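We did not get these values from a lab; they are worked out from the coordinates using the rules stated. If you're wondering where the values come from, they're calculated on a predicted model, not measured in any experiment. Methodologically, a virtual Cβ is constructed for each residue, glycine included, from the backbone with ideal geometry; neighbour enumeration extends over all protein chains shown.
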């Protein structure tokens with residue numbers, strides 16, 4: 001169990017908020033525009049999910065709050081609905097070494113248990129249905145994005161899309177919320193069944209039992225990048241083009257052949273995505289593909305040996321739990337495997353909404369620069385989405401241009417400060433707490449390499465003679481095991497992230513590719529510029 005420690009001594013009360021649910025989308029502090037969008041669509045998706053279950057969620061409850069630019073979801077309300085309607089045991093928090101339930105709850109008796117069993121069955125049926133509906137959900141999100149791409153952005157079109165964003169966004173967010181919420185529930189229950197072991201030992205058993213994903217968007221992205229790397233290595237013209245590092249106007253300068261065809265195919269499927277895509281202010285690969293080409297150049301320079309995937313092995317986990325709980329443990333692992341696939345597809349669906357919303361925001365920003373409501377197009381991301389709507393409909397008094405500009409300037413400075421802060425992991429009422437238990441295994445194996453991270457469009461890596469042979473071996477480090485970072489896996493030997501869980505997208509695809517990995521290393525890992533040894537069995541990372 002993760003241990004939390006309050007930053008300031010205080011008596012805990014109120015509801016509990018965690019940022020783990022949205023970590024794959026929002027690993028860092030967000031612009032006001034992005035934070036406000038995620039707040040709205042997540043709250044709507046939350047209501048859609050519990051309404052569909054028939055759990056009768058009360059209206060106008062606060063589901064998401066933003067603290068220092070990071071969105072936190074209300075886990076107390078969700079836990080109460082799960083417990084009262086399906087008998088799901090609420091989360092236990094370990095605060096300063098003491099276990100505490102986040103809500104008052106007693107284990108139901110026999111008769112109550114029969115009623116709650118129907119609620120538990122409804123959860124299973126809903127998750128199965130969402131998994132079945134996922135292709136249609138993705139298709140609808142893709143069609144909306146394609147329509148947005150084709151717009152010329154008249155004022156009428158700006159206003160029309162403005163009215164659609166939250167509705168289509170919540171429909172795409174629904175399967176992600178359902179998958180992520182229930183992954184956390186299932187993983188928490190498995191950890192309870194393995195309570196006699198350390199968190200690292202328990203998570204390692206879960207990782208091995210899950211194995212690598214058999215199907216998933218992240219795995220497809222990684223495999224396409226591997227193929228592109230091979231095509232590039234076989235074509236001297238492409239190798240020279242990648243090394244020239246002149247990717248502006250790439251569509252005109254890209255040498256023809258299998259590599260060029262593969263790049264265009266990749267862009268057709270994944271051009272709307274990007275590393276850090278949860279932040280709408282960041283460009284998508286179709287706008288700025290340099291990061292992809294940097295990874296492909298790294299593959300040409302040194303392609304790691306192909307490793308065997310981590311095959312599912314549940315035997316050790318079953319041997320570690322009480323005999324009476326083995327059937328439940330096996331069912332939980334099977335559920336998590338299905339939910340990991342659901343999470344993968346759901347993130348892909350929502351990525352279309354993020355990309356389409358970015359296009360709308362830039363169109364609105366361009367319109368607002370005409371009469372100098374905004375000094376620059378990108379300033380639009382420093383206003384909340386409702387403020388942008390008011391700006392577009394004339395509800396916001398624009399006579400005070402200097403005041404409007406000052407809002408963006410002030411928020412830009414505040415965001416820069418937040419991004420330097422060590423992030424808070426949990427809120428209990430208004431009190432902040434940070435996790436003290438760190439470094440958890442996510443994908444088995446041991447590997448070393450020079451630390452590197454992709455920040456937007458640049459590859460920062462260690463280049464020093466002291467690295468010797470390891471300078472051509474790379475360990476990817478990032479804020480969270482997010483979905484689109486899977487494109488980096490073929491070029492690295494392992495990964496380590498500041499936040500995250502064993503069921504995150506990057507962890508699942510790393511296991512499928514046989515890449516060792518660890519999560520929950522803490523924010524300091526992002527400052528590491530040295531040679532690392534990643535032990536995905538013990539959950540440890542060391543510096544050479």
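Tabulated data
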quantity	calculated
Pairwise centroid distance, computed over Cα atoms, of the range 172-194 with the range 196-240, Å	22
Footprinting exposure proxy for 95, 102, 340 (fewest neighbouring C-beta atoms within 10 Å first)	95, 102, 340
Nearest-0.05 FRET efficiency for residue 472 and residue 311, computed from C-beta distance (R0 35 Å)	0.80
Whole-number D in µm²/s for the range 317-466 (Stokes-Einstein; Kirkwood sum over Cα pairs; 20 °C, 1.002 mPa s)	101
Inter-label distance, nm, simple model (7 Å from Cα along the C-beta direction), residue 390/residue 264	4.8
Matching label, Rg/Rh (Cα atoms, Kirkwood Rh) computed from the structure shown, candidates (i) 1.24; (ii) 1.19; (iii) 0.96	(iii)
Virtual spin-label span in nm between residue 402 and residue 237, 7 Å along Cα→Cβ	5.9
Contour minus Cα-Cα distance for residue 301 and residue 328 (0.36 nm per residue)	5.0 nm
Relative contact order, percent, the chain [alpha-carbon distance under 8 Å, six or more residues apart]	23
Net length gained if the chain between residue 122 and residue 147 were fully extended (0.36 nm per residue, minus Cα distance)	5.5 nm
Dimensions in Å of the range 162-302 - Rg and Dmax from alpha carbons	20.2, 60
Anisotropy class of the range 38-97 from Cα gyration tensor, a/c 1.5 cut	oblate
Per-pair calculated FRET efficiency, R0 = 35 Å: residue 198 and residue 84 via Cβ, rounded to 0.05	0.60
Residue 58/residue 250 FRET efficiency (R0 51 Å; Cβ-Cβ; nearest 0.05)	0.50
Cα-based convex hull volume of the range 200-241 per residue, rounded to whole Å³	107
The range 392-445 versus the range 256-319: alpha-carbon centroid distance in Å	28
Where a label projected 7 Å from the Cα of residue 338 along Cα→Cβ would reach, residues of the range 127-162 with amide N under 18 Å	127-137
Per-residue Cβ neighbour rank within 10 angstrom, fewest leading, 405, 421	421, 405
Value of [θ]222 nm, deg cm²/dmol, for the chain, DSSP H segments ≥ 4, -39500 (n - 2.57) each, nearest 500	-16500 deg cm²/dmol
Gain in span if fully extended, residue 107 to residue 286, counting 0.36 nm per residue against the direct Cα distance	59.2 nm
Cα centroid separation, the range 478-539 to the range 52-122 (Å)	30
